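**Q** Starting off with a structure, shown below.
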Amino acid sequence: MAADLRPYPDYKDSGMEWLGKVPAHWRVASVKRHYAIRLGKMLQPGRRGSEDCRVPYLKAKHVQWFEVRANDIDTMWATPAEVDRYGVAAGDLLVCEGGEGGRSGLVKLGARLPDSCIIQNALHRVRPRSGCVVGDTGRNDYLQYVMSTIASLRWFDVLTDKATIAHFTAEKFGALPVPVPPSTEQAAIVRFLDHIDRRIRRYIRAKQKLIALLEESRTVLINHAVTQGLNPNADTHSTRSHVFPFVPRDWTLRRMRSLVQRVRRPISVRPDTEYREIGIRSWGKGIFHKDSVPGAVLGEKNVFRIEPGDFVLNIVFAWEGAVAVVSENETGMIASHRFPTFRPSSEVDVDYLLIVFQSEQGRRLMEVNSPGAAGRNRTLRIGQFLEEEIPLPTLDAQRAIVAAFRDGQRRLADCVARTRQAVHEFEGFRSRLIADVVTGKLDVREAAARLLRADPPSADGEFG
């Protein structure tokens, strides 16, 4: 359908850099000519008068592109008159004043807003202005698409002066020139874009589900690697472990203490020398490098030299799988006392060890030895952890398991990357199509008429 669209027959200059030429019969006018803009109420944390009552309010975090998420709503004090003045109803367009200034979401019909809900002064409420020129009445759903195009062209960055504190004020918003087709044409544009948007979103949701399945497959792959090895049908025997109750018959369980040795390589920090620390991300995402800092910044901090081949973990987030193997990329770097370091014995391959503790079973071993309930910060008890047992095949089998897992992991990662790229391309296509339609580069009137005749809202076919 999109491939069949053609430009309008005649154009004129809009006088706006971001807009360029527009169809000859369109108007260009400031937002305030066609829409009433109301900035929300300043936060009132306490009661000021006898009429004041607690009411729920929406703020910038509730407004995302093309939607308003009415969850986790706070309350403030307001009078009944203020509830009328700043109230929110279905069909309202809410626009962010600060943060990502210009971000817009439409309050959809059937939205479950709490009673007497108002907006804070981080948001503008937009409603079509009555008494506009006949045939040019504004539509909020059309304006929402226009706002998304202005954002995709990064024009809001200019309007909000991001070099300082960004504010998309009511004055800037009201003075913003936008294309104004006749109202019937606005309706056609919305009908067409809504139809295309539904199909693209369906496609993207399907791809996102595929990504989730692929990432789940990685979890299955790693769990099988440390409990079954390369043969899913291998004979197994029961063990005394509550985490690894069954392992292949030719594997053994060995205490961590017998497989690794903790190493400490303390360094004397020099104030005028540059040092670079490492960190470890949770969920098996590996090591990251912090910015280099002079020793004077480290002060009295205890830091240690790390070497390639070290097995290292984040003592606070180990229970989330924050474990890693130091590579050549970390040569010369340091780690704080929060990153205990170990060297493997000749019986264990360090990459096999990493796979074990990136698995669900390995994380469970670290979790049971990480007491505490202070949010995510749960310190691993090293002594107890080293008493835990892990399954150990022969060294050759360990290396074969690592090679097979890495190969499977690469193939899964390639599939995820290709799928994410497809999603990115469709999102880009969606943004370009919206921009071309709302700026009049493409004429959708006939396509929208065909959709109307086909009654499209109940027929969301696959995107083609």
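The values are calculated or read from the model by the stated rules, or taken from the named source; none is laboratory data. Predicted model, so just to flag it, every value in this text is computed and none were measured. Glycine also receives a Cβ, built like all others from the backbone with ideal geometry; neighbour counts cover every protein chain displayed.
**Q** Would you point out the residue of segment 1-18, among those that are within 10 Å of Lys441 (Cα to Cα) and part of a loop (DSSP other than H, G, I, E, B), that is farthest from the chain's Cα centre (by Cα)? I'd like the intermediate steps shown before the answer.
**A** Step one: of segment 1-18, the residues within 10 Å of Lys441 (Cα to Cα) are 5-8, 11.
From the residues that got through so far, the ones that are part of a loop (DSSP other than H, G, I, E, B) too are 5, 7-8.
Numbers: Leu5: 33, Pro7: 36, Tyr8: 38 Å.
Among those residues, the one meeting the criterion is Tyr8.
**Q** Looking at (1) in contact with a strand residue (DSSP E or B) (Cβ under 7 Å, 6 or more places away or on another chain); (2) over 30 Å from Asn121 (Cα atoms); (3) not in a loop (DSSP other than H, G, I, E, B), which one does Arg38 not meet, given that it meets all the others?
**A** Among (1) in contact with a strand residue (DSSP E or B) (Cβ under 7 Å, 6 or more places away or on another chain); (2) over 30 Å from Asn121 (Cα atoms); (3) not in a loop (DSSP other than H, G, I, E, B), the lone unmet condition for Arg38 is (2).
**Q** I need a count of the residues in segment 85-107 that are in a loop (DSSP other than H, G, I, E, B) and either among the small types (Gly, Ala, Ser) or outside the structural domain of Ala170 (by TED's automatic domain parsing) (or both).
**A** Filtering segment 85-107 for residues in a loop (DSSP other than H, G, I, E, B) gives 88-92, 97, 99-103, 107.
Filter once more, so that each one left must be either among the small types (Gly, Ala, Ser) or outside the structural domain of Ala170 (by TED's automatic domain parsing) (or both): 89-91, 99, 101-102.
Number of matching residues: 6.
**Q** Is it the case that some residue within segment 69-87 is within 19 Å of Leu176 (Cβ to Cβ) and under 32 Å from the mean Cα position of the chain (by Cα)? Outline the logic, then answer.
**A** Our first condition is that a residue be within 19 Å of Leu176 (Cβ to Cβ); within segment 69-87, this holds for none.
No: zero hits.
**Q** Those residues that are in contact with a helix residue (DSSP H, G or I) (Cβ under 7 Å, 6 or more places away or on another chain) and more than 12 Å from Ala2 (Cβ to Cβ), I need them from segment 428-448; list them, please. Don't jump to the end; show me each part of the working.
**A** Let us first name the residues in segment 428-448 that are in contact with a helix residue (DSSP H, G or I) (Cβ under 7 Å, 6 or more places away or on another chain), namely 430-431, 433-435, 437-439, 442, 444-445, 447-448.
Residues satisfying the conditions are Ser431, Ala435, Val438, Thr439, Arg445, Ala448.
**Q** Let me ask another. Looking at segment 290-304, is at least one residue of a type in the set (Ser, Thr, Tyr) and buried (at least 16 other Cβ atoms within 10 Å of the Cβ)?
**A** Restricting attention to segment 290-304, the residues satisfying the condition of being of a type in the set (Ser, Thr, Tyr) are 292.
Subsequent filtering for residues that are buried (at least 16 other Cβ atoms within 10 Å of the Cβ) retains none.
No, because not a single residue in segment 290-304 is of a type in the set (Ser, Thr, Tyr) and buried (at least 16 other Cβ atoms within 10 Å of the Cβ).
Table: residues versus (1) hydrophobic (A, V, I, L, M, F, W, C); (2) over 30 Å from Glu427 (Cα atoms).
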{"residue": "Arg38", "(1), (2)": "no, yes"}
{"residue": "Asp52", "(1), (2)": "no, yes"}
{"residue": "Lys59", "(1), (2)": "no, no"}
{"residue": "Ala78", "(1), (2)": "yes, yes"}
{"residue": "Glu82", "(1), (2)": "no, yes"}
{"residue": "Arg85", "(1), (2)": "no, yes"}
{"residue": "Arg112", "(1), (2)": "no, no"}
{"residue": "Pro128", "(1), (2)": "no, no"}
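**Q** Also: Tell me whether segment 243-254 contains one or more residues that are hydrophobic (A, V, I, L, M, F, W, C), part of a loop (DSSP other than H, G, I, E, B) and over 28 Å from Asp407 (Cβ atoms). Walk me through it before giving the result.
**A** Pass one, segment 243-254, residues hydrophobic (A, V, I, L, M, F, W, C): 243-244, 246-247, 251, 253.
Those left that are additionally part of a loop (DSSP other than H, G, I, E, B): 243-244, 251.
So of that shortlist, the ones also over 28 Å from Asp407 (Cβ atoms) come out as none.
No.
**Q** Which residue is nearest to the chain's Cα centre (by Cα), if the candidates are limited to segment 283-321 and must be polar (S, T, N, Q) and under 13 Å from Ser336 (Cβ atoms)?
**A** Going through segment 283-321, the residues polar (S, T, N, Q) turn out to be 292, 302, 314.
Within this subset, residues satisfying the condition of being under 13 Å from Ser336 (Cβ atoms) are 302, 314.
Working: Asn302: 35, Asn314: 24 Å.
Among those that are polar (S, T, N, Q) and under 13 Å from Ser336 (Cβ atoms), it is Asn314.
**Q** In segment 220-238, what residues are polar (S, T, N, Q) and modelled with pLDDT of 90 or more? Write out each step before concluding.
**A** Kept after step one, since they are polar (S, T, N, Q), are these residues of segment 220-238: 223, 227-228, 231, 233, 236, 238.
Asn223, Thr227, Gln228, Thr236, Ser238, listed by residue number.
**Q** State which residue is farthest from the chain's Cα centre (by Cα) when the search covers only segment 207-223 and only residues that are within 18 Å of Gly284 (Cα to Cα), of a type outside the set (A, V, I, L, M, F, W, C) and surrounded by fewer than 17 Cβ atoms within 10 Å (Cβ to Cβ). It would help to see each step written out before you state the result.
**A** Kept after step one, since they are within 18 Å of Gly284 (Cα to Cα), are these residues of segment 207-223: 211-223.
When the remaining residues are screened for being of a type outside the set (A, V, I, L, M, F, W, C), the result is 215-219, 223.
Add one more test, that the residue is surrounded by fewer than 17 Cβ atoms within 10 Å (Cβ to Cβ), and what stays is 215-217, 219, 223.
Numbers: Glu215: 16, Glu216: 18, Ser217: 21, Thr219: 21, Asn223: 27 Å.
The residue in question is Asn223.
**Q** Another one. When the residues of segment 144-172 are filtered to those that are in contact with a Gly (Cβ under 8 Å, 6 or more places away or on another chain) and at pLDDT 95 or above, which remaining residue is surrounded by the most Cβ atoms within 10 Å (Cβ to Cβ)?
**A** Met147
**Q** OK, next. Does segment 235-243 contain at least one residue that is surrounded by fewer than 16 Cβ atoms within 10 Å (Cβ to Cβ), of a type in the set (Gly, Ala, Ser) and touching a residue at least 24 places away in the same chain (Cβ under 8 Å)?
**A** So the first thing to find is which residues in segment 235-243 are surrounded by fewer than 16 Cβ atoms within 10 Å (Cβ to Cβ), and the list is 235-238, 240, 242.
Now narrow it down to the ones that are of a type in the set (Gly, Ala, Ser): 238.
If we keep only those that are touching a residue at least 24 places away in the same chain (Cβ under 8 Å) too, we end up with none.
Scanning segment 235-243, I find no residue that is surrounded by fewer than 16 Cβ atoms within 10 Å (Cβ to Cβ), of a type in the set (Gly, Ala, Ser) and touching a residue at least 24 places away in the same chain (Cβ under 8 Å), so the answer is no.
**Q** In segment 181-206, which residue that is of a type in the set (D, E, K, R) and surrounded by 15 or more Cβ atoms within 10 Å (Cβ to Cβ) is farthest from Gln421 (Cα to Cα)? Before you say what the answer is, go through the steps one by one.
**A** Step one: list which residues in segment 181-206 are of a type in the set (D, E, K, R), which gives 185, 191, 194, 197-199, 201-202, 205.
Checking which are surrounded by 15 or more Cβ atoms within 10 Å (Cβ to Cβ) leaves us with 185, 191, 194, 197-199, 201.
Working: Glu185: 34, Arg191: 28, Asp194: 23, Asp197: 18, Arg198: 20, Arg199: 18, Arg201: 15 Å.
Once the filter is applied, the top-ranked residue is Glu185.
**Q** Further question: From the list Val55, Val28, Val22, which residue is touching a residue at least 12 places away in the same chain (Cβ under 8 Å), in contact with a helix residue (DSSP H, G or I) (Cβ under 8 Å, 6 or more places away or on another chain), part of a strand (DSSP E or B) and not acidic (Asp, Glu)?
**A** Details: Val28 fails: in contact with a helix residue (DSSP H, G or I) (Cβ under 8 Å, 6 or more places away or on another chain); Val22 fails: in contact with a helix residue (DSSP H, G or I) (Cβ under 8 Å, 6 or more places away or on another chain).
That would be Val55, the only listed residue that is touching a residue at least 12 places away in the same chain (Cβ under 8 Å), in contact with a helix residue (DSSP H, G or I) (Cβ under 8 Å, 6 or more places away or on another chain), part of a strand (DSSP E or B) and not acidic (Asp, Glu).
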